[in-house]
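Below you'll find the structure, written out as structure tokens, and then a few comments.
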Amino acid sequence: MVWDGNADAPPTARIVALAPSMHPGEKRVAETIAADLASAVERTAQDVADAAGVGRATVVRTAQTLGYDGYPQLRVAIAGEVALEASSGDMLADGTLLGGMRASFERFANRLGHTLSGVTEDALQTLVHALDTAPRVFVVANGLSSPLGLDLVLRLTAAGRSAEQLSDPLAQRIAARQLGASSVCLIVSGSGANAQTLSVAHAAKKSGATVIAVTSFARSAIAKQADAVLIVPPVNDSFQDELLHTSRAALMLVTEALVDALIARRGERGHEARTAVLEELADTLRE
């Protein structure tokens, strides 16, 4: 039996209704999820499979039995249910909007030290070298990461490193398929799970290009697919927070610093490019 009730029904309501009629393996998966919803949000399908003592395919089937396309969609629904159950909380202690903003800034500041905790020297050297020497750099960023892609392209261009970006997903795939060996497809994806972005990465790899990812989660799909990865842990505490708050602040800081590292590596070329930009900026200013 597959869920055919209200599309707005939360995962736990679906589990309670369907668990008695599920196959034994699916029932174990459902019970594992229901026993600790908060942990389920943070787990991958394989993690849940291991916890329930079943195969990954059983986790996917369970999600589909519950009325979702797959486990990622179930995971998002669980995050929403957990958030609704939690206290509304971001209007913190003093109950004011300003107090909430201060608390948000404090949370960011407290986690800022984690921003570079997943970045290794080898990964950074590989990425900067590739950006410096590649004949073409194609930047891909979709969804909530798309503004970071545009910012990165502008900064790379200002550093004397020409880069390309397209907004249409099909156009991205076509361009990626034409990159060829020695070119770089630089992907910025907070979640590392955007389906459109993953398809572009696949097309780029087919062309022989080097795929480099800047993402927040080490076990994400894009991290597994890329040739080199820069892991930037999110300023939020968990995958659930990533889904609900979707901050890209840490990624923005790292990509900005990445361009500074490229300029430093390029030496005189980098400084000449920056000087040229300053001259153009000066021409746009008026008293």
If I go through the stretch 3-30 residue by residue, how many of them are more than 18 Å from residue 76 (Cα to Cα) and either in a helix (DSSP H, G or I) or at pLDDT 85 or above (or both)? 13
Of all residues in the stretch 31-54 being in a helix (DSSP H, G or I) and polar (S, T, N, Q), which is surrounded by the most Cβ atoms within 10 Å (Cβ to Cβ)? 32
Within the stretch 160-181, is there a residue that is in contact with a Lys or Arg (Cβ under 8 Å, 6 or more places away or on another chain), farther than 14 Å from residue 136 by Cβ and not acidic (Asp, Glu)? yes
Filter result for residue 170 (in a helix (DSSP H, G or I), modelled with pLDDT under 95 and at negative phi): no
Could you list, in sequence order, the residues of the stretch 224-269 that are in a helix (DSSP H, G or I), small (Gly, Ala, Ser) and either at pLDDT below 90 or not assigned by TED's automatic domain parsing to the domain that holds residue 160 (or both)? 249, 250
Among residues of the stretch 65-78, those that are under 19 Å from residue 193 (Cα atoms) and either assigned to a helix (DSSP H, G or I) or of a type in the set (Lys, Arg) (or both), counted: 8
Would you say residue 132 is surrounded by 11 or more Cβ atoms within 10 Å (Cβ to Cβ), at pLDDT below 90 and of a type outside the set (Ser, Thr, Tyr)? no
What residue, among those in the stretch 173-200 that are among the aliphatic types (A, V, I, L, M) and in a helix (DSSP H, G or I), is farthest from residue 153 (Cα to Cα)? 195
Go through the stretch 116-126 and give me each residue that's at pLDDT 75 or above and among the hydroxyl-bearing types (Ser, Thr, Tyr). 120, 126
Of the residues in the stretch 201-221, those that are crowded, with 24+ Cβ neighbours inside 10 Å and either assigned to a helix (DSSP H, G or I) or not assigned by TED's automatic domain parsing to the domain that holds residue 254 (or both) come to 201, 204
For the stretch 104-158: of the residues being part of a loop (DSSP other than H, G, I, E, B) and over 23 Å from residue 183 (Cβ atoms), which is farthest from the chain's Cα centre (by Cα)? 120
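The values are calculated or read from the model by the stated rules, or taken from the named source; none is laboratory data. Since the structure is predicted, the reported quantities are computational estimates derived from the model, not experimental observations. Methodologically, a virtual Cβ is constructed for each residue, glycine included, from the backbone with ideal geometry; neighbour enumeration extends over all protein chains shown.
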